[in-house]
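A.B. asks: Attaching a single structure in structure tokens format; questions to follow.
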Amino acid sequence: MPSIVKPLIPLATLPRNDLGLTPRNYEGAMSTLCAGCGHDSVTAALMQALFELSIPPYKVAKLSGIGCSSKTTAYFAGEAHGFNSVHGRMPTIATGAIAANRELHYVGVSGDGDSLSIGLGHLAHAVRRNIRMLYVIDNNGVYGLTKGQFSASADIGSTSKKGEANAFAPIDPLMLALSIGATFVARGFSGDKERLVPILKAGLSHRGLALVDVISPCVQFNDHEGSTKSYLFVREHEVSATDFVEPRETIVAHVPDQGVLAVPMHDGSQMHFRAVPAGYDPTDRAAAMHYLQDRHAQGEVVTGLVYADEGVPDLHELSGTPEGPLAAVPFDRLCPGADELARLQDSFR
Amino acid sequence: MTLKAVVRTETRARVNDFAIKLANVNGTGSASANSLLMKAIFRMGIPVSGKNLFPSNIQGLPTWYEIRVNKDGHTSRALDYDLMVTMNAQTYAADIAEVRSGGYVLYDSTWPLPSELLRTDVTFLGVPLAELCAQQFERPRDRLLLKNICYAGALVALLGVDRDVIATLLEETFGGKPKLRDANQLALKLGFDYASEQLTCPLPIHLEPMDAKEGNILIDGNTATALGCLYAGATVAAWYPITPSTSVMDNFASLCRRYRVHDGVHDYLIVQAEDELAALGMVVGASWNGARAFTATSGPGISLMNELLGFAYYAEIPAVIVNVQRTGPSTGMPTRTQQADLLLCAYASHGDTKHVLLFPANPAECFDFAVKAFDLAERFQTPVLMLSDLDIGMNDWVVPQLAWDDAFLPDRGRVLTAEELHALPRFNRYEDEDAEFVTPRTLPGAAPGGAYFVRGSGHDKRGAYTEVPDKYQEVVDRLAHKHTAAALHLPAPVLHRREGARIGVVCIGSGDLAVREAAELLAARDLPVDVMRVRGFPFPPSVRAFLDEHEILFVVEQNRDAQLRSLLVLETGVSTARLHSVLVYGGFPLSAQQVVDSIVTQTGSE
Ligand SMILES: Cc1ncc(C[n+]2csc(CCOP(=O)(O)OP(=O)(O)O)c2C)c(N)n1
Ligand code: SF4
Ligand SMILES: [Mg+2]
């Protein structure tokens, strides 16, 4: 059942943004994901971020790969062009699209399978090129769409629905990105819209590639005891392990400014979120990596803006391209013409 | 220590009709000497071709360069050599064995040739190249490099190359670097003087100026392709380096630096991608967004691009892909030529897919077809693959000067303007097809109301996801019709007819010159043949008509599996039994003699 329910009659009290648009203008097709899927919450946060930033929907380009997560580009900003590409290759499509037209707002939505396994190389190179886009990974630790295989973000020892334990080290997209020059990395939690929306807005306003890893639980295949989440160390704000979230219910929890929030997953396992502390300096790359590693060792998942640098030029700035879209450069400026063709052929004689 | 082998020398003069082969070690600087000679002959107005037969290696392995001169314009690869320049001790034996009886061997006589290599039916011309260079040049590197210019000097004397032409060429090449120019001039003179004094010059095989240069240029296919992409208005290019396509992008980049920078603004963006999948992804993304975009690759790259080729086909997104074919399968022989990607490209990707292909035969067509490829890709909203090959792409060819019509306007296909969009009650991406089954598209961000959702998943004509058989079929059936409709927009087959020909010969791409020469040789043996060279896929009806007209048919192509023949059978319905094959696929450019031999044998006309 879709979690984005659309009332037939728009409410008169709907807020309007600077463009005079309401949140309805940022909605898309009805979601076909499982009820309670974290991905739908990310979609909702994206809609709100776009709405709040007053971005005209038709100036948005939505790109994705393949997976439950990648389907979500259809579920928001219906007036925006969408591009549901092939598995893992979204960053390449985005690179080309951005090369052709730097004026649109690019939102890429991918999954942990899409971006950390089959498309890992493309993610890495998109980060290196600092193409200007918001790059969201709906990270659930599994391949949802192919029914629950481990993804590369699953922790060692986490078990699948069938009970097998994962033996291989996880890839943390933020650590990876930081190590290859990322200019914006952040993490959110699908259940914490309050924190996620500002992160997405910051990402949409970033000068280059803004990578936002969103922990987004899969209610179908990562909701059992033994999933990586229950391995996490409980520190503060502990929620009793007996707390049980009904399946089909979207997890909602607000990560506090300080300390760790333990969030019960659908199976009663827990995940521990820690917001970056007050006074945290998101401009120090080495410190950011250290902090992530440190917290990971404690079994915690850091949320918030982990690193940002607005001083690094994006692909276009590095390439010296025109301020407007390359695709709009008039033909007569692109084609040197007959006389020049005759002249340049002197060197072939 | 000049070796004086006294042998029978052919005295019959053969002016402007001979072939020479230069056997070198790669990485020793022979390429510049060889192309200097080739270019000088071109400037003398004599039809000439130069073929580089090189190894997949940077330094130390054998490499050959062949120059064929032919006053009648037959410049496909020659198989018997009148003169061999042996600069590589590793291959002496094989190289000397290849010279035709009565021919010549030019060798470095600083050291004697092992006596077992001597042949009594060829003339050995010794020039002490190493010794001459050692006497004049200090640095070991100069001695090594300039040995090549030194043999070029000897050849200038032996073959009667115009000395003014050579002098001008050296000036053009090294004019800005006086030291280098002087060293090259000296090395050239050393070889020239020695040959003039010690050997009988010119040889009976030699050159005399002609006027075949008028209106012609000397250019390789990859440079011409890059020029075509520049003139077509391509702004985005993405690629991953692979022989023999790399110089397409190298040339495109340098052309862009020259013609596309205005007041410091770069009207282009070239991305060296992380792999070929990414390269095509970038092209597809850019094309979707309204730019003219292309990639250049070779077989292994096409293999990687398969999934996205199918995607672009089904989602109907333009893309231009240049495939400079090399020898497969797998890594194969990266520096050798073949036409073995025909089937791969025609049907690339899983599911029912068919692509539009262009088959240029020479650099001039590379230029024209590259421009055409963008028009076709945008008009038919589909990937277009231009299949050149290593022989065309990396060798210098004499072709008519490239022409451009300033009235040319790119065909951007059916892209709705904001006004057209507003006039529509509702825009549906895959509706409102024209007579050629093309539906209008919109560009992202161009106007409100134009949005659609691109997907590789099953969709109906409104672009919505579907799993309903009829709705799915409606779209894929239109795609098939659209592909067929493209046939009439492709360059038409080229026909060469002969009186009384009952045999039809079909060829493709770089086989052109060899097959046309073969047709003349066959006619001289009372075996007249008509030739048809196909230049695009899907095939227009004229292809089937040609096949129907001829009693006996040969398909000449450079692959093992008769891929063009299969494509003809599959797509024209001609019966397999009617098509006989001439297959040459060892990796070297096609030679007329191979075609003649095969057809003569198969027709029993020996
Ligand atoms: C080339 C290719 N291989 C395999 C698949 C099958 N497949 C579809 S989605 C998917 C994994 C998706 O996982 P993830 O990106 O994490 O998305 P989720 O469904 O978990 O949101 C796979 C393997 C495919 N579509 N294409
Ligand atoms: S399978 Fe998991 S990831 Fe996919 S829609 Fe259902 S809950 Fe979401
Ligand atoms: Mg996943």
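A.B. asks: Test A:Ala286 against the stated conditions and say whether it is more than 14 Å from every other protein chain (Cβ to nearest Cβ), over 27 Å from A:Lys193 (Cβ atoms) and at pLDDT below 95.
C.D. replies: So A:Ala286 fails the test.
A.B. asks: Considering only region B:371-395, state which residues are open to solvent by 50 Å² or more (accessible area, probe 1.4 Å) and either among the hydrophobic types (A, V, I, L, M, F, W, C) or in contact with a strand residue (DSSP E or B) (Cβ under 7 Å, 6 or more places away or on another chain) (or both).
C.D. replies: Within region B:371-395, B:Lys372, B:Met394 qualify.
A.B. asks: Before we move on, is B:Val534 touching a residue at least 24 places away in the same chain (Cβ under 8 Å) and open to solvent by less than 20 Å² (accessible area, probe 1.4 Å)?
C.D. replies: yes
A.B. asks: Quick one: would you say B:Glu316 is more than 8 Å from chain A (Cβ to nearest Cβ) and open to solvent by 10 Å² or more (accessible area, probe 1.4 Å)?
C.D. replies: No, not satisfied.
A.B. asks: Determine whether region A:255-267 contains at least one residue that is away from every other protein chain (no Cβ under 14 Å), open to solvent by less than 10 Å² (accessible area, probe 1.4 Å), within 16 Å of ligand 3 (Cβ to nearest atom) and modelled with pLDDT under 75.
C.D. replies: Yes, region A:255-267 has at least one match.
A.B. asks: Identify, from the list B:Leu479, B:Leu567, B:Leu521, the residue that is out of contact with any Cys (no Cβ under 9 Å at 6 or more places or on another chain), assigned by TED's automatic domain parsing to the domain that holds B:Glu431 and more than 21 Å from B:Ala364 (Cα to Cα).
C.D. replies: Just one listed residue meets the conditions, B:Leu479.
A.B. asks: Taking interchain pairs and intrachain pairs at least six residues apart, which have beta carbon atoms under 8 angstrom, with the first residue in region A:45-74 and within 16 Å of ligand 3 (Cβ to nearest atom) and the second assigned to a strand (DSSP E or B) and open to solvent by 20 Å² or more (accessible area, probe 1.4 Å)?
C.D. replies: A:Gly67/A:Tyr143; A:Thr73/B:Phe453
A.B. asks: Another question, if that's okay. Right, B:Asp375: free of Cβ contacts under 8 Å to residues at least 12 places away in the same chain, touching a helix residue (DSSP H, G or I) at 6+ places or on another chain (Cβ under 8 Å), within 14 Å of chain A (Cβ to nearest Cβ) and more than 16 Å from ligand 3 (Cβ to nearest atom) or not?
C.D. replies: no
A.B. asks: Here's a follow-up. Can you work out which of the residues in region B:27-45 that are within 14 Å of another protein chain (Cβ to nearest Cβ) and hydrophobic (A, V, I, L, M, F, W, C) is surrounded by the most Cβ atoms within 10 Å (Cβ to Cβ)?
C.D. replies: Only one residue fits best here, namely B:Ile41.
A.B. asks: Turning to a different aspect of this structure: From A:Asp314, A:Asp309, which residue is in contact with a Ser or Thr (Cβ under 7 Å, 6 or more places away or on another chain), open to solvent by less than 70 Å² (accessible area, probe 1.4 Å), modelled with pLDDT of 90 or more and not small (Gly, Ala, Ser)?
C.D. replies: Just a single option satisfies the conditions, and that option is A:Asp309.
A.B. asks: If you don't mind, another one. Only one residue in B:Val261, B:Val248 is crowded, with 24+ Cβ neighbours inside 10 Å and either modelled with pLDDT of 95 or more or more than 8 Å from every other protein chain (Cβ to nearest Cβ) (or both). Which one?
C.D. replies: B:Val248
A.B. asks: Select, from B:Asp470, B:Asp411, the only residue that is out of contact with any Pro (no Cβ under 6 Å at 6 or more places or on another chain), open to solvent by 30 Å² or more (accessible area, probe 1.4 Å), outside any strand (DSSP E or B) and in contact (Cβ under 8 Å) with a residue 24 or more places away in the chain.
C.D. replies: The unique qualifying residue is B:Asp411.
A.B. asks: Being within 14 Å of chain A (Cβ to nearest Cβ) and of a type in the set (Ser, Thr, Tyr) is the filter here, so list the residues in region B:427-446 that pass it.
C.D. replies: Answer for region B:427-446, where residues must be within 14 Å of chain A (Cβ to nearest Cβ) and of a type in the set (Ser, Thr, Tyr): just B:Thr442.
A.B. asks: Using the structure shown, decide if A:Tyr135 is within 16 Å of ligand 3 (Cβ to nearest atom), open to solvent by 10 Å² or more (accessible area, probe 1.4 Å) and either out of contact with any Ser or Thr (no Cβ under 7 Å at 6 or more places or on another chain) or within 28 Å of A:Val60 (Cα to Cα) (or both).
C.D. replies: Against the criterion (within 16 Å of ligand 3 (Cβ to nearest atom), open to solvent by 10 Å² or more (accessible area, probe 1.4 Å) and either out of contact with any Ser or Thr (no Cβ under 7 Å at 6 or more places or on another chain) or within 28 Å of A:Val60 (Cα to Cα) (or both)), A:Tyr135 does not qualify.
A.B. asks: Give the residues of region A:132-153 that are assigned to a loop (DSSP other than H, G, I, E, B), near ligand 1 (Cβ under 6 Å from one of its atoms) and under 25 Å from A:Phe184 (Cα atoms), sorted by residue number.
C.D. replies: Answer for region A:132-153, where residues must be assigned to a loop (DSSP other than H, G, I, E, B), near ligand 1 (Cβ under 6 Å from one of its atoms) and under 25 Å from A:Phe184 (Cα atoms): A:Asn140, A:Ser151.
A.B. asks: Right, another one. Does B:Ala279 satisfy being outside any loop (DSSP other than H, G, I, E, B) and within 7 Å of chain A (Cβ to nearest Cβ)?
C.D. replies: Considered against the rule, which asks whether it is outside any loop (DSSP other than H, G, I, E, B) and within 7 Å of chain A (Cβ to nearest Cβ), B:Ala279 comes out as no.
A.B. asks: Let me ask something else about it. Any residue in region B:447-457 that is crowded, with 16+ Cβ neighbours inside 10 Å, away from chain A (no Cβ under 14 Å) and at negative phi?
C.D. replies: Checked against the condition, which is being crowded, with 16+ Cβ neighbours inside 10 Å, away from chain A (no Cβ under 14 Å) and at negative phi, region B:447-457 yields no hits at all.
A.B. asks: Another question, then. Of the residues in region B:352-370, how many are surrounded by fewer than 24 Cβ atoms within 10 Å (Cβ to Cβ) and assigned to a helix (DSSP H, G or I)?
C.D. replies: 2
A.B. asks: Among the strands (runs of 3 or more DSSP E) lying completely within region A:27-125, list those that include at least 1 residues that are more than 16 Å from A:Gly144 (Cα to Cα), facing chain B (nearest Cβ under 10 Å) and within 16 Å of ligand 1 (Cβ to nearest atom).
C.D. replies: So the answer is A:60-64, A:81-84.
The values are calculated or read from the model by the stated rules, or taken from the named source; none is laboratory data. Only a predicted model underlies this, so the values are computations on that prediction, with no experimental measurement involved. Heads up, the Cβs are rebuilt from the backbone with ideal geometry, glycines too, and the neighbour counts pull from every protein chain shown. Ligands, DNA and RNA are stripped out before the accessible areas are found, and what is left, the full protein with its side chains, is counted by its heavy atoms. Shrake-Rupley method; radii C 1.70, N 1.55, O 1.52, S 1.80 Å.
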